[in-house]
1. Efficiency by 1/(1 + (r/R0)^6): what FRET value for residue 112 and residue 70, r their Cβ-Cβ distance, R0 = 30 Å, to the nearest 0.05?
2. Using a Cα-Cα cut-off of under 28 Å, which lysines could be cross-linked to residue 171, ignoring same-chain neighbours fewer than 8 residues away?
3. Running Debye on the range 97-220 with equal point scatterers at the Cα sites and no solvent, what base-10 log of I(q)/I(0) appears at q = 0.12, 0.13, 0.17 Å⁻¹?
4. Quick one: 3J(HN,Hα) in Hz for the range 154-165, Karplus 6.51/-1.76/1.60 with θ = phi - 60°, rounded, Gly and Pro as x.
5. Quick one: Debye curve from the alpha-carbon atoms of the range 44-147 only, equal weights, vacuum; give me log10 I(q)/I(0) at q = 0.17 Å⁻¹ to two decimals.
6. Read phi for every residue in the range 118-124 and hand back ³J(HN,Hα) as whole Hz from Karplus 6.51 cos²θ - 1.76 cosθ + 1.60, θ = phi - 60°, with x for Gly and Pro.
7. Taking the Cβ of residue 3 as the center, what net charge do the other residues with Cβ under 14 Å away carry, scoring Lys and Arg +1 and Asp and Glu -1?
8. Longest span of the chain, sites excluded, free of chymotrypsin sites (Phe, Trp or Tyr not before Pro) in DSSP loop with at most 14 other C-beta atoms within 10 Å?
Amino acid sequence: MMPIYPPAERTRFGAVLTMAAGSIDAYSYLFHGQVFAGLQTGNLILLGLNLAQGHLKYSLRALISILAFFVGTLIIRWLQRQPTFSQRPIKRQKIVLLYEIALLLLVACTTQWLPALLTTMLLSITAAAELQEFRRLNGGPFTPLMMTGNLRTLAETAFDAFFYRESAALKKLQATAIIMFMFTLGAAGIVVVTPFLHQFSLLLPVTALAVGWFLLASAD
């Protein structure tokens, strides 16, 4: 019998999350100082490189994103610890998605007037919300913002599926491949839609998150 996972742990939900994550990171990197909204490992590398090279301006951009991600995580952790939401995960998850959508729409509508560092902060707070709230896929650990672990899983499950004919590994391989493809698609999508939508290219991750919200609402 196939296990039934919570709505927020299913592959199709994880796919739209990672598409949004890829879009947000691509948008942040391309248009707001070549720093990442969610990929803080990358920002730590950029911070170290720029400090060593004496590029304090670029170091500040990476540091701001790191600190904003930290604050964004605290905000969602506070929400998770509230008695009203701690026992009602789907309701909380829907609120987190709406919170992310609101932040992205705020950035899209104000990015022409806001300082670049403030925009970076808002994008990093948005990315932190996603990583803190959504951390499981099909019963296992999941990181919608970082693909290194997923790449390792892809290699491991490919080995087990093709050399040992394990059906569970094949299913996990398929799910992981979908996740990685959607992350890449989200990043590529920003490049494709920007010439037409300009600052409103953030409507791409907004749409993905809205689809996720409806997936949760249909299961609630």
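1. Numbers: r = 27 Å, r/R0 = 0.91.
Here the calculated transfer efficiency is 0.65.
2. Reachable lysines: 94.
3. Here the Debye-derived log intensity ratios amount to -0.56, -0.64, -0.97.
4. Once θ is set to phi - 60°, the couplings for the range 154-165 become 4, 5, 4, 6, 5, 4, 5, 6, 8, 9, 10, 6 Hz.
5. Those come out to -0.87, one per q.
6. Going residue by residue, I get 5, 4, 4, 4, 5, 5, 5 Hz, with x marking Gly and Pro.
7. Numbers: positive: 10, 136, 171, 172; negative: 9.
So the environment of residue 3 carries a net charge of +3.
8. Numbers: sites that count: 113, 164.
Maximal segment without exposed cleavage sites: 1-112.
FYI, it's all coordinate maths here, none of it is from the lab. Quantities reported herein were computed from a predicted structural model and do not represent experimental measurements. For neighbour counting, all protein chains shown are included, and Cβ atoms are generated from backbone atoms with ideal geometry for every residue, glycine included.
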